[in-house]
Amino acid sequence: MDTLTDSVSAQIARCDGIQRVPHAKIELFRVKNFLSAAQCEELIAMIDKDRRPSTIADPNGDDYFRTSETCDLPRKEPVIQKLEAQLHRLNGIDPAFGEPVQGQRYDVGQEFKAHTDYFTPGTADFEKFCSESGQRTWTFMIYLNEVDAGGTTRFKVVGKTFKPEVGKLVCWNNKRPDGALNPNTLHHGMKVRKGVKYVITKWYRERPWPW
């Protein structure tokens, strides 16, 4: 068993309001109202200010695989510092292992097709993105608003779908308890049918991030 993975899961499970998806193939949790409406509004404004077209690590020939917009959120901002502290209280992971917080915006028709958050070993992008800080371990995603139609996050393998709600956090372990990568974390940011969807994402690595 991976000791770090086990300790993070135990830490998360102790938090008030947390719910674990009852499925043996994945460590997947959710908690409502993790962020306040005011925090979400401030983060949405930051994303709108600096958003750019999203990209993927390994181009696969599908120009419509990820059609959202992305924004890197500066660590120095008070709202980000507060968010980082809240995440640390939830997961107990050393902040040094975290990537910068990232925001995403999905307009009508935009999506992120089924993918995993970890980097595929043996690829050029694995060497490029994992050589220093290692593989991604945990993902923490927070919805910042409600969407009029569509925009759900679907974990097809385990049959679980999450609907955007203001401040709701969804998190999962990208590895299995033995430390192997977990393909059951495959998830799809479904198309927004009406409205606009905003989320923020925080990924953690095996080794410290080169801040």
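Any read-out appearing in this document is the output of simple, stated calculations on the displayed coordinates, not a laboratory observation. Being a predicted model, the structure only gives us computed values, none of them experimental. Every residue, glycine as well, gets a Cβ built from its backbone with ideal geometry; the counts of neighbours run over all protein chains shown.
Structure values in brief
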read-out	value
The chain pair-distance distribution - Cα-Cα, 5 Å bins, rounded %	1, 7, 15, 20, 22, 19, 11, 4, 0
Separation in nanometres of the label points that stand 7 Å from Cα toward Cβ, at residue 113 and residue 38	4.3 nm
Within region 114-179, chymotrypsin sites (Phe, Trp or Tyr not before Pro) in DSSP loop having at most 15 other beta-carbon neighbours inside 10 Å	none
Placed amide H near residue 119: partners under 5 Å, 5+ positions off or other chain	136
Spatially close lysines, pair count over region 1-156: Cα under 21 Å, gap of eight or more or interchain	6
Dipole magnitude of region 3-205 about its Cα centre (Cβ charges: Lys, Arg +1; Asp, Glu -1), debye to nearest 20	620 debye
FRET efficiency, 1/(1 + (r/R0)^6) with R0 25 Å, evaluated for residue 49 and residue 193 via beta carbons	0.45
Karplus 3J(HN,Hα) series, Hz, for region 110-125 with 6.51 cos²θ - 1.76 cosθ + 1.60 (x for Gly, Pro)	8, 7, 9, 4, 3, 7, 10, 8, 7, 8, 6, x, x, 9, 4, 6
Ratio Rg/Rh [Cα only; Rh per Kirkwood] for region 111-211	1.00
